[in-house]
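Before any comments, here is the structure.
The values are calculated or read from the model by the stated rules, or taken from the named source; none is laboratory data. Worth saying up front: this structure is predicted, and the values here are computed from it rather than measured. Don't worry about glycine lacking a Cβ; one is built from the backbone with ideal geometry, like all the others, and counts go over all protein chains shown. Side chains are part of the model used for accessible areas, which takes the heavy atoms of the whole protein and leaves out ligands, DNA and RNA. Shrake-Rupley method; radii C 1.70, N 1.55, O 1.52, S 1.80 Å.
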Amino acid sequence: MSTDELLSIEPQELQFPFELRKQISCPLRLLNKSDYYVAFKIKTTNPKKYCVRPNTGVVLPRSTCDVIVTMQAQKEMPPDMQCKDKFLLQSVITSPGATPKDITPEMFNKEAGHEVEECKLRVAYVAPPRPPSPVHEGSEEGSSPRVSVSDNGNLSSSEQTVVSRSYVQGPEPEENSSEERALISKLTEERNSAIQEKKQLQQELELLRHHSSKSRGGISFMYIILVGLVGIILGYLMKRT
């Protein structure tokens, strides 16, 4: 019995989007295509670098088991983004009703006469996903989409989609239009009222300035009159003496 007939593995290659100082996980799915209980064990050439959960288990007949392989955070960039690490999946038929607690290392010992199927998995580093590209001016919120016409006078398929969406949306409901008109009318009245209050305040300020200037002029004139009267009285008294 070949490994493909006992356990099917997806994917066949472990791909990690490599990033420095960051843990990265890669899922594996084991599919038992047989009518047997299949025990499995996963080993790696670099156990300090990877964490496999679960690394042993039992896959029931015609069922699946999900495994998560986590690469620990790396401090250095690998040369040429190449990885020589490998994984080995061992599988063996076990007794019906077996559980992960029933699994022993002896079950995967070929020298003891057990029929053990093996499958090797490679590890590959891939580039991490790129961040989303910045929004161009033509696609900013509130701006209309740019439409270009080809040489034959036809729109491209993507541009036709944009234009069709803009027409499909159609006019807004009348209810929204009436609410907007009422809001505009209210704002206009408030603006006119504010303008009138401003004019009234300016007029009152001019009146206050006018009265203030008159008050200052009256005080200086009375002062001159009093000084003059005092001068006349003093002159008269001096002549008599």
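Values for this structure:
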{"quantity": "Using a Förster distance of 35 Å, the FRET efficiency for residue 226-residue 200 (Cβ separation, nearest 0.05)", "calculated": "0.30"}
{"quantity": "Net length gained if the chain between residue 29 and residue 55 were fully extended (0.36 nm per residue, minus Cα distance)", "calculated": "8.1 nm"}
{"quantity": "Listed residues 71, 107, 81, 222 arranged by accessible area, highest first, probe 1.4 Å", "calculated": "222, 81, 107, 71"}
{"quantity": "DSSP-assigned coil residues among GluC sites (Glu not before Pro) in region 32-125, each with at most 10 further Cβ atoms within 10 Å", "calculated": "76, 115"}
{"quantity": "Whole-percent carbon and sulfur share, accessible surface of region 4-140, 1.4 Å", "calculated": "50"}
{"quantity": "Subset of 49/110; 49/120; 41/101; 49/84; 43/84; 75/120 violating a 21 Å alpha-carbon distance limit", "calculated": "49/110; 75/120"}
{"quantity": "Simple label model, 7 Å out from Cα along Cβ direction - residue 183 to residue 207, nm", "calculated": "4.0"}
{"quantity": "Of every Cα-Cα pair in region 14-85, the percent that sits beyond 20 Å", "calculated": "38"}
{"quantity": "Cβ-defined net charge surrounding residue 62, 11 Å radius [Lys, Arg +1; Asp, Glu -1]", "calculated": "0"}
{"quantity": "Per residue accessible area of region 49-104, 1.4 Å probe, in Å²", "calculated": "59"}
{"quantity": "Highest-first arrangement of 89-95, 63-69, where packing means the average Cβ count within 10 Å", "calculated": "89-95, 63-69"}
{"quantity": "Extension gain (nm, one decimal) between residue 112 and residue 70, 0.36 nm per residue minus Cα-Cα", "calculated": "11.9 nm"}
{"quantity": "Rounded FRET efficiency, nearest 0.05, which uses the C-beta distance separating residue 13 from residue 99 and R0 of 41 Å", "calculated": "0.85"}
{"quantity": "Neighbour cut-off at most 15 other Cβ (10 Å), DSSP loop, trypsin sites (Lys or Arg not before Pro), region 55-94", "calculated": "62, 75, 84"}
